[in-house]
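Engineer: This is the structure I want to talk about, given as structure tokens.
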Amino acid sequence: MNIALFGTSADPPSVGHRAVIRWLADHFDRVAIWASDNPFKLDRTPLEQRTEMLALMVETLRSGQDGSPCHNVECRADLSHMRSIISVQRAKALWPEAEFTFAIGSDLIAQLPSWHRSADLLRECNVIAIPRPGYPIDLDALATLRSWGTVTIADVEGPAISSSVYRQTLNSEAIPAPIAAYIARRNLYHSSASSSVGSAISH
């Protein structure tokens, strides 16, 4: 079994995340996703709420509420860890006979060599990078990673929609409807959008 592992900040899960997950579901036997605690990112919504939002997205994907059902996608909060190597090792313990591919956005290629035990990560699993608009591939970092293991570039480009764009604009078109409803119920992100506007005005 070929399993794609996709840990994402999901702050909040966007339609860009949804497109990437659908692509992974079409190319792998199983897709395990989780809300990650990326030590490089600060000032995030609590992990519990990001996990709940990601689970909502997975529920809509599996049920086919926004297109064809993706029955091979599951939200695995038990894989979440601030160290990606630990997430991969946990996955290997769950599915010892599987082959794993760790999915990242192209913006993370430059970061990955500095991750905790990054060389070990490349020995534990393959890596696939999803191109993102505005984030060209860092060729030096890519060469380093490929000296440690298998890294491929997906033949797809993610939408030019991200969680950060939503946090700055609160444009509901950037997120699936169930996520928008969750955010409204808990009154999330309004302060971050206000501070972004204030920062832009002050500069």
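Engineer: Taking Arg90 as the residue in question, decide whether it is within 19 Å of Ile21 (Cβ to Cβ), charged (D, E, K, R), modelled with pLDDT of 95 or more and surrounded by 15 or more Cβ atoms within 10 Å (Cβ to Cβ).
Structural biologist: Against the criterion (within 19 Å of Ile21 (Cβ to Cβ), charged (D, E, K, R), modelled with pLDDT of 95 or more and surrounded by 15 or more Cβ atoms within 10 Å (Cβ to Cβ)), Arg90 does not qualify.
Engineer: Turning to a different aspect of this structure: For the stretch 96-111: of the residues being of a type in the set (A, V, I, L, M) and in contact with a strand residue (DSSP E or B) (Cβ under 7 Å, 6 or more places away or on another chain), which is farthest from Ala25 (Cα to Cα)?
Structural biologist: Among those that are of a type in the set (A, V, I, L, M) and in contact with a strand residue (DSSP E or B) (Cβ under 7 Å, 6 or more places away or on another chain), it is Ile109.
Engineer: Of the numbered conditions (1) closer than 19 Å to Ala10 by Cβ; (2) in contact with an Asp or Glu (Cβ under 9 Å, 6 or more places away or on another chain); (3) of a type in the set (Val, Ile, Thr), Ile109 satisfies every one except a single condition; which is it?
Structural biologist: (1)
Engineer: Quick check: is even one residue across the stretch 37-48 assigned to a helix (DSSP H, G or I) and either surrounded by fewer than 19 Cβ atoms within 10 Å (Cβ to Cβ) or touching a strand residue (DSSP E or B) at 6+ places or on another chain (Cβ under 6 Å) (or both)?
Structural biologist: Checking the stretch 37-48: at least one residue is assigned to a helix (DSSP H, G or I) and either surrounded by fewer than 19 Cβ atoms within 10 Å (Cβ to Cβ) or touching a strand residue (DSSP E or B) at 6+ places or on another chain (Cβ under 6 Å) (or both).
Engineer: Hey, does the stretch 130-150 have a residue that's in contact (Cβ under 8 Å) with a residue 40 or more places away in the chain and more than 15 Å from the chain's Cα centre (by Cα)?
Structural biologist: Looking for residues that are in contact (Cβ under 8 Å) with a residue 40 or more places away in the chain and more than 15 Å from the chain's Cα centre (by Cα), one finds none in the stretch 130-150, hence no.
Engineer: Another question, if that's okay. Please identify the pairs in which a residue from the stretch 167-182 that is touching a residue at least 24 places away in the same chain (Cβ under 8 Å) has its Cβ atom under 8 Å from the Cβ atom of a residue that is of a type in the set (Asp, Glu) and surrounded by 14 or more Cβ atoms within 10 Å (Cβ to Cβ), counting only partners at least 6 apart or on another chain.
Structural biologist: Partner pairs satisfying both residue conditions: Arg167/Asp11; Pro176/Asp66; Tyr182/Glu52.
Engineer: Consider Ser14 carefully, then state whether it is crowded, with 17+ Cβ neighbours inside 10 Å and out of contact with any Cys (no Cβ under 7 Å at 6 or more places or on another chain).
Structural biologist: Taking the combined requirement at face value, the residue satisfies it.
Engineer: Consider Val58 carefully, then state whether it is among the β-branched types (Val, Ile, Thr) and within 27 Å of Ala119 (Cβ to Cβ).
Structural biologist: When the stated conditions are applied, Val58 does not pass them.
Engineer: Another question, if that's okay. Contact list please: Cβ distance under 8 Å, first residue in the stretch 79-98 and closer than 12 Å to Glu124 by Cα, second residue part of a loop (DSSP other than H, G, I, E, B) and of a type in the set (Ser, Thr, Tyr), pairs at least six apart or on different chains.
Structural biologist: Within 8 Å, the pairs are Ser84/Ser36; Ser87/Ser36; Ser87/Ser80.
Engineer: Determine if the stretch 14-33 includes at least one residue that is in a helix (DSSP H, G or I), among the hydroxyl-bearing types (Ser, Thr, Tyr), modelled with pLDDT under 95 and within 27 Å of Leu170 (Cβ to Cβ).
Structural biologist: For the stretch 14-33, residues in a helix (DSSP H, G or I), among the hydroxyl-bearing types (Ser, Thr, Tyr), modelled with pLDDT under 95 and within 27 Å of Leu170 (Cβ to Cβ): absent.
Engineer: A further question on this structure: Can you tell me which of (1) more than 20 Å from the chain's Cα centre (by Cα); (2) modelled with pLDDT under 90; (3) crowded, with 17+ Cβ neighbours inside 10 Å is the one Ser162 doesn't meet?
Structural biologist: It is condition (1) that Ser162 fails.
Engineer: Out of curiosity, is Thr60 more than 16 Å from the chain's Cα centre (by Cα) and surrounded by 15 or more Cβ atoms within 10 Å (Cβ to Cβ)?
Structural biologist: Against the criterion (more than 16 Å from the chain's Cα centre (by Cα) and surrounded by 15 or more Cβ atoms within 10 Å (Cβ to Cβ)), Thr60 qualifies.
Engineer: I've got another one for you. Do the conditions hold for Arg83, that is, is it surrounded by fewer than 16 Cβ atoms within 10 Å (Cβ to Cβ) and of a type in the set (D, E, K, R)?
Structural biologist: Here the answer is yes, as Arg83 does meet what is asked.
Engineer: Looking at (1) surrounded by 14 or more Cβ atoms within 10 Å (Cβ to Cβ); (2) free of Cβ contacts under 8 Å to residues at least 60 places away in the same chain, can you tell me which one Arg123 breaks?
Structural biologist: (1)
The values are calculated or read from the model by the stated rules, or taken from the named source; none is laboratory data. These numbers come from a predicted model, not from an experiment. Don't worry about glycine lacking a Cβ; one is built from the backbone with ideal geometry, like all the others, and counts go over all protein chains shown.
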